[in-house]
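Read the structure below first, then the notes.
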Amino acid sequence: MNALSSRFRHFDWILSISVLPVVVAGLVTFTSFGAESYFFSRQIIWIIIAIIVFLIASFIDWRFLRNSNIVMSFYLLTVFLLITLLAFGSVFQGAQSWFSFGIFAVQPVDIAKLILAVTLSKYFSRRHIEIAYFRHIAVSGLYCLLLMLLVLAQPDFGSGVIIFLVWLGMVIVSGIEIKHLALVLGVGLTIFTLLWFFIFVPYQKERILTFLDPERDIRGSGYNAFQSVIAVGSGGVYGKGVGYGTQSRLEYLPEYETDFVFAAFAEEWGFVGVTILFIFFGMIVWRVLAGAVVGSTNFELFFGVGVAIILMAHFTINVGMNIGLLPVTGVTMPFMSYGGSHLVAEFFGLGMVNGMRRYSKAAHSEVTDHELLGPA
């Protein structure tokens with residue numbers, strides 16, 4: 001019993017409890033009371049799997065990731081999976097992003113984001129003092145660039161952007177100089193120009209052009225974004241009520257279980273519901289960063305920041321495209337959108353952060369106090 005209680009002593013209950021309302025909000029949004037929902041029943045299964053993954057990850061000693069050979073092995077395996085995906089992956093909505101196994105499919109890019117965070121955490125934790133040297137920024141950028149190019153080749157523009165943001169955010173936290181940041185942004189603009197002319201397929205260009213001019217093609221590529229903005233605006237202050245969202249329930253808003261789940265939620269719960277949702281999501285990010293700050297080494301600090309960036313990037317981009325401020329890129333809403341791959345990856349990331357708390361600075365302090373003062 002004492003061994004079990006000691007394992008739960010550093011378990012972040014605030015983080016665990018804060019996730020649950022967000023998950024339930026997603027479930028309630030894409031189901032109608034009194035009617036059987038295909039998405040609801042399958043999402044319940046994925047949630048159970050994700051929670052199990054979270055609990056397992058919470059009790060693993062992640063200090064083995066400080067070994068460079070292990071981290072590089074995970075990174076190379078990720079690269080191999082993404083290359084294999086281009087050859088044998090299944091195509092869905094124009095993107096070859098899935099490994100299909102009959103009754104379910106897996107999207108490797110969700111785990112690739114975590115692996116990149118681990119890889120960069122290992123790299124920066126050993127070189128954070130020398131980060132002012134541009135070569136370290138360039139080398140870390142190559143880790144990001146390889147994964148980003150493989151993802152853009154699928155093509156998955158949204159995930160490619162998030163991979164870049166993970167690298168950019170972690171580089172900024174590591175202490176990059178302003179002149180180097182300006183150079184990075186210049187390189188990023190150059191890469192975007194090259195992507196526009198040589199990589200982006202027509203429908204991706206059309207989405208960006210529609211973002212710049214929302215009324216460019218309302219019946220075509222701009223239809224989803226237009227209906228999403230209507231759904232969010234029609235929610236008003238208190239919303240239309242659960243199950244009474246006309247845009248989603250009458251299927252004016254396509255894919256409201258996945259890409260546009262926030263718009264469907266906002267229509268039914270209104271400004272008040274959205275505010276509460278933002279509060280719970282803010283608590284999740286706060287607890288992730290709080291765990292990172294007390295990390296026993298810079299590796300845990302950087303990894304926690306990486307997980308927070310992944311969650312915030314997904315959240316910001318999804319909300320932005322739902323309210324018409326960002327182009328529609330197919331980025332999921334964390335913990336809410338239908339799908340197993342992203343949900344398991346998100347809970348896995350939280351579990352890793354939770355597991356690292358067991359050997360954090362605070363944990364070591366408690367052990368020391370116990371040894372010096374004895375049990376209370």
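Structural remarks
- Cβ-Cβ distances below 7 Å connect the following pairs, each with a first residue in segment 344-365 that is crowded, with 23+ Cβ neighbours inside 10 Å and charged (D, E, K, R), a second residue that is assigned to a helix (DSSP H, G or I) and modelled with pLDDT under 90, and a separation of six or more residues or different chains: ARG357/GLY291; ARG357/ALA363.
- A search for C-beta distances below 9 Å between a residue of segment 264-289 that is closer than 21 Å to PHE30 by Cβ and any residue that is acidic (Asp, Glu), counting only pairs 6+ apart in sequence or on different chains, returns ALA264/GLU257.
- Residue check, VAL242 closer than 22 Å to VAL23 by Cβ and free of Cβ contacts under 8 Å to residues at least 60 places away in the same chain: no
- If only residues of segment 114-168 that are at pLDDT 90 or above and among the β-branched types (Val, Ile, Thr) are counted, the one that is nearest to the chain's Cα centre (by Cα) is ILE162.
- From the list SER360, SER337, the lone residue that is at pLDDT below 85 and touching an Asp or Glu at 6+ places or on another chain (Cβ under 9 Å) is SER360.
- Selection of first residues in segment 319-341 that are outside any loop (DSSP other than H, G, I, E, B) and of second residues that are surrounded by fewer than 21 Cβ atoms within 10 Å (Cβ to Cβ), restricted to Cβ pairs under 6 Å at least 6 apart or on distinct chains, gives the following pairs, ordered by first then second residue: GLY320/LEU326; SER341/VAL106.
- Residue match in segment 62-69 (condition: under 21 Å from the mean Cα position of the chain (by Cα), modelled with pLDDT of 85 or more and within 30 Å of SER16 (Cα to Cα)): yes
- Which listed residue is farther than 12 Å from PHE30 by Cα, surrounded by fewer than 18 Cβ atoms within 10 Å (Cβ to Cβ) and aromatic (Phe, Trp, Tyr), from TYR238, TYR244: TYR238
- Failed condition for TYR256, given (1) in contact with a Ser or Thr (Cβ under 7 Å, 6 or more places away or on another chain); (2) in a loop (DSSP other than H, G, I, E, B); (3) farther than 17 Å from VAL23 by Cα: (3)
The values are calculated or read from the model by the stated rules, or taken from the named source; none is laboratory data. This is a predicted model, so every value here is computed, not measured. For neighbour counting, all protein chains shown are included, and Cβ atoms are generated from backbone atoms with ideal geometry for every residue, glycine included.
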